[in-house]
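Beneath this line is the structure, given in structure tokens, with notes to follow.
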Amino acid sequence: MNETELMNAVMLAVTNAGHQIFRTNVGKVRTPDGRFFNTGLPKGHCDLYGFRPDGQIFYIETKLHPRRPTKEQRQFMLAMISKGAAAGVAYTVEEALKIVEWPKGYREIMEGALRYGL
């Protein structure tokens with residue numbers, strides 16, 4: 001499985017669980033006529049984001065082992081957590097669903113992991 005396949009599997013599972021989820025692309029893209037287009041998202045923005053029916057927003061950065069999130073990705077997720085969002089790194093569909101569910105105590109676990117580079 002590659003990261004795109006993991007993202008697709010996460011999106012399907014999160015949607016099937018009754019939540020809205022969207023995929024993002026960060027950075028610049030070259031158009032067919034040679035110009036560059038900036039997506040406008042901040043550096044470090046997560047691969048996926050969405051919201052639950054209760055309005056809780058979540059951000060999921062998908063990775064395959066042994067890859068780790070960049071410093072900018074960790075900073076972005078910590079900033080979103082500090083604003084009340086659920087955010088984290090998922091190496092599996094199950095981990096992604098846990099981020100969406102955001103059970104009691106999971107914020108502290110994810111903040112610690114992000115602060116110390118997972």
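The values are calculated or read from the model by the stated rules, or taken from the named source; none is laboratory data. The structure displayed is predicted, hence computed values, not measured ones. Counting neighbours? That spans all protein chains shown, and the Cβs are built from the backbone with ideal geometry, glycine included.
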Sort through Gly88, Gly84 and tell me the only one that's more than 18 Å from Asn8 (Cα to Cα) and of a type outside the set (Lys, Arg).
Gly84
Lys71 - would you say it is modelled with pLDDT under 95 and either closer than 18 Å to Glu111 by Cβ or touching a helix residue (DSSP H, G or I) at 6+ places or on another chain (Cβ under 8 Å) (or both)?
yes
In segment 49-80, which residues are in contact with an Asp or Glu (Cβ under 8 Å, 6 or more places away or on another chain) and under 12 Å from Ile21 (Cα atoms)?
Ile60
